[in-house]
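Asker: Got a structure here, written out as structure tokens. Questions coming.
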Amino acid sequence: MEVIGQNDHHPPLGHTHRSRTFEVVHGDIATYSTKRYLAFNGSQGRGTKELLQGEEMGLVNLLVFAVAVLSVLPVLCHGQRTRHYQFNIEMQNVTRLCHTKSIVTVNGHFPGPKIVAREGDRVLVRVTNHVPNNVSIHWHGIRQLRSGWADGPAYITQCPIQTGQSYVYNFTIVGQRGTLFWHAHISWLRSTLYGPIVILPKLHVPYPFPKPSKEFILIFGEWFNADTEAIINQALQTGAGPNVSEAYTINGLPGPLYNCSSKDTYKMNVEPGKTYLLRLINAALNDDLFVGIAGHNLTVVDADAVYVKPFETETLLITPGQTTNVLLRTKDFHPNSSFLMAARPYATGLGTFDNTTTAGVLQYREEPGSRKQSKPLLPLLRPNLPALNDTAFAANFSAKLRSLANSDFPAKVPRSVDGRFFFTVGLGADPCPKNQTCQGPNGTKFAASMNNVSFAMPTTALLQAYFSGNGGVFAADFPGEPPFPFNYTGTPPNNTFVSHGTRAVAVPYGARVEVVLQDTSILGAESHPLHLHGFNFFVVGQGFGNFDPEKDPPRFNLVDPVERNTVGVPSGGWVAIRFVADNPGVWFMHCHFEVHLSWGLKMVWVVLDGEKPNQKLPPPPRDLPQC
Ligand SMILES: [Cu+2]
């Protein structure tokens, strides 16, 4: 087995003044696009010459013109549009559960504004930072083909946007349809800085399922009465687990099952006998969620902006970083009645967690012609959600997710691979510094690692370092397998201390990569939602216990495995993923539990440039923030 790298609430598509989210089709934005394009080509760096040489020299003028035209005409023959958004990062007072706090928002909204685009569209988001915190925004799940500079994780692809500064995220949506989301990617700011990304199919291309009469977004979050920056800073100081949230939220609203909260309840108004598309997003910080609607089954049709084989379920499981589109078929006759939709955690670790339930209301409209208000409301039914630690449900649910794998939407699973990696994922510890008492396990500090490496955040952006020749900022020596093998899901080793380093795996362009992610039982087995930036991967296998390199690979599903960007590594088990490294750049892979991310459960892939010009990372945009 060769291991590479060992050695080396808004109207859709509309113009909303209040949120200052706009989609512009007028002069100054056209000029602005033109400037951006020039800045892109005119910046210093390796790829600039290539772009400006020979035939492409003349193309620049042509393209500048084309970009200007694109911005003026909403639809060109290809149907591709450029969609412009302005994100002002602003403080805003928000009250939930009778606690008011000042939170970081986009344009004063919580949750933030939605981005709507069609497959094939270009999206330009100008982010201007008006708050004291450093900020960066990640477009979670967007492939970012050759636009790694727009990916967003702070100190990985960019330095953060400092107070008073702006950065334009510029990317094109290729081959994706469904729901994704954007969120802050620095410290714990994503607790309040998040919002949906809706990707519609290309114009005149239908969904591969019955046309819904309406669409709703349900974005799940986590509400903390205290300031989340203070929570994580204190935890990292003392070594203890951070305080847990007070509530979960649906579209920012905790709902009626919490004290002082019934006025903050999300209500979804529906009519009988109709089909609705619900776009579910788990933007919670630290918790997988079970989701259900009383009295209704849901049909899963899309996961992480990839269509799946439809299947019906009473309950969904969504990890942080995952999105799921479902169809809701309303009952044929149910005037004036309401049902609770609810979400509560699926939790497997040993630590404390927020075990509360958020709820919203599915409200049937009155039937036209029926006697108004005469019928008493039925009692609100709550959905039956699995037990908080129902790992069997989790395994069954994830096994049902399959790619469509038809001629329109083939599953391009790598049938063989060029590199195999085996990464343990789990918790660990750091010794307590001298002259300090620590509140982590046995007086140590909590840490987390992959292959026992707890990722050390650099103070400059890795993509910039890589593009300009590294300069010792990181090493491409991340281990392809654990430094010492042990019974990963059995009795943990005595020494649970982690090592630290800014270490990457480098792979050639186009490499077909397989990674087995193996949970460990160190300080408790736990399901970890692993997220990969810049790629979708296929989930070709999973199981409980230790991965068996002889017996497990023959059972891999290479026909219709689900394709996604975030997968829950089974608690006390393993998952095998495959992806094609067809996107040059530096790509983060990490646990999407914010607490584990803070503790170091993260690493980076470096995908080298290919031979052809369109296989190379372009130079950075001129406005890329500096550290
Ligand atoms: Cu984790």
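Asker: Limited to region 414-457, what total is found for residues that are more than 16 Å from the ligand (Cβ to nearest atom), under 28 Å from Gly541 (Cβ atoms) and not in a loop (DSSP other than H, G, I, E, B)?
Answerer: 4
Asker: Given the options Asn546, Asn494, name the one that is at pLDDT below 95 and under 21 Å from Thr424 (Cβ atoms).
Answerer: Criteria check complete, one pass: Asn494.
Asker: Then there is this: From the set of residues in region 500-527 that are within 15 Å of the ligand (Cβ to nearest atom) and part of a loop (DSSP other than H, G, I, E, B), which is farthest from Gly541 (Cα to Cα)?
Answerer: Per the criteria, the residue is Leu523.
Every residue, every condition in (1) outside any loop (DSSP other than H, G, I, E, B); (2) modelled with pLDDT of 95 or more; (3) in contact with a Ser or Thr (Cβ under 8 Å, 6 or more places away or on another chain), yes or no:
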| site | (1), (2), (3) |
| --- | --- |
| Val539 | yes, yes, yes |
| Glu550 | no, yes, no |
| Pro554 | yes, yes, no |
| Val559 | no, yes, no |
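Asker: Then there's this: Check Arg564 against each of (1) under 22 Å from Ser449 (Cα atoms); (2) crowded, with 23+ Cβ neighbours inside 10 Å and name the one condition it does not meet.
Answerer: Condition (1) is where Arg564 drops out.
Asker: Condition first: touching a strand residue (DSSP E or B) at 6+ places or on another chain (Cβ under 6 Å) and among the aliphatic types (A, V, I, L, M). Now tell me which residues in region 469-484 satisfy that.
Answerer: Within region 469-484, Ala475, Ala476 meet the criteria.
Asker: Is it the case that Thr249 is in a loop (DSSP other than H, G, I, E, B) and hydroxyl-bearing (Ser, Thr, Tyr)?
Answerer: Against the criterion (in a loop (DSSP other than H, G, I, E, B) and hydroxyl-bearing (Ser, Thr, Tyr)), Thr249 does not qualify.
Asker: State the number of residues belonging to region 603-627 that are closer than 19 Å to Val135 by Cβ and within 24 Å of the chain's Cα centre (by Cα).
Answerer: So the count comes out to 4.
Asker: Separate question: Only one of these conditions is not met by Met450: (1) among the aliphatic types (A, V, I, L, M); (2) buried (at least 21 other Cβ atoms within 10 Å of the Cβ); (3) over 25 Å from the mean Cα position of the chain (by Cα). Which number is it?
Answerer: Condition not satisfied by Met450: (3).
Asker: Further question: Looking at Gly568, Gly585, Gly600, Gly610, which is the one that is at pLDDT 95 or above and more than 22 Å from Leu462 (Cα to Cα)?
Answerer: Result of the check over Gly568, Gly585, Gly600, Gly610: Gly568.
So that you can scan it fast, the table gives a plain yes or no per residue for (1) within 13 Å of the ligand (Cβ to nearest atom); (2) out of contact with any Asp or Glu (no Cβ under 7 Å at 6 or more places or on another chain):
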| site | (1), (2) |
| --- | --- |
| Arg555 | no, yes |
| Pro561 | no, yes |
| Asn565 | no, no |
| His592 | yes, yes |
| His596 | yes, yes |
| Gln615 | no, no |
| Pro625 | no, yes |
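Asker: Something else now. If we keep just the residues of region 490-499 that are closer than 15 Å to Met450 by Cβ and of a type in the set (Ser, Thr, Tyr), which is nearest to the ligand (Cβ to nearest atom)?
Answerer: Among those residues, the one meeting the criterion is Thr496.
Asker: Could you check region 583-600 and list, in sequence order, the residues that are closer than 13 Å to Gly321 by Cβ and not in a helix (DSSP H, G or I)?
Answerer: Once the filter is applied, which keeps residues that are closer than 13 Å to Gly321 by Cβ and not in a helix (DSSP H, G or I), region 583-600 yields Phe588, Met589, His590, Cys591, His592, Phe593.
Asker: Related question: Listed residues Val575, Val586; which is within 16 Å of the ligand (Cβ to nearest atom), buried (at least 24 other Cβ atoms within 10 Å of the Cβ) and within 23 Å of Val417 (Cβ to Cβ)?
Answerer: Val575
Asker: So, one more: In region 604-613, which residue that is surrounded by fewer than 24 Cβ atoms within 10 Å (Cβ to Cβ) and not acidic (Asp, Glu) is nearest to the ligand (Cβ to nearest atom)?
Answerer: Per the stated criteria, the residue is Val606.
Asker: I want to confirm something. Restricting to region 528-546 and keeping residues that are aromatic (Phe, Trp, Tyr) and surrounded by fewer than 23 Cβ atoms within 10 Å (Cβ to Cβ), which single residue is farthest from the ligand (Cβ to nearest atom)?
Answerer: Once the filter is applied, the top-ranked residue is Phe535.
Asker: So, one more: For Ser261, indicate whether it is of a type in the set (Ser, Thr, Tyr) and over 28 Å from His533 (Cβ atoms).
Answerer: Yes; evaluated as a whole, the condition is true for this residue.
Asker: Which strands (runs of 3 or more DSSP E) sit wholly inside region 96-208 and have at least 2 residues that are small (Gly, Ala, Ser)?
Answerer: Result: 178-184.
Asker: Which is touching a helix residue (DSSP H, G or I) at 6+ places or on another chain (Cβ under 8 Å) and more than 22 Å from Ser147 (Cα to Cα), of Leu523, Leu517?
Answerer: Leu523
The values are calculated or read from the model by the stated rules, or taken from the named source; none is laboratory data. These numbers were taken from a predicted model, which means no experiment stands behind them. Every residue, glycine as well, gets a Cβ built from its backbone with ideal geometry; the counts of neighbours run over all protein chains shown.
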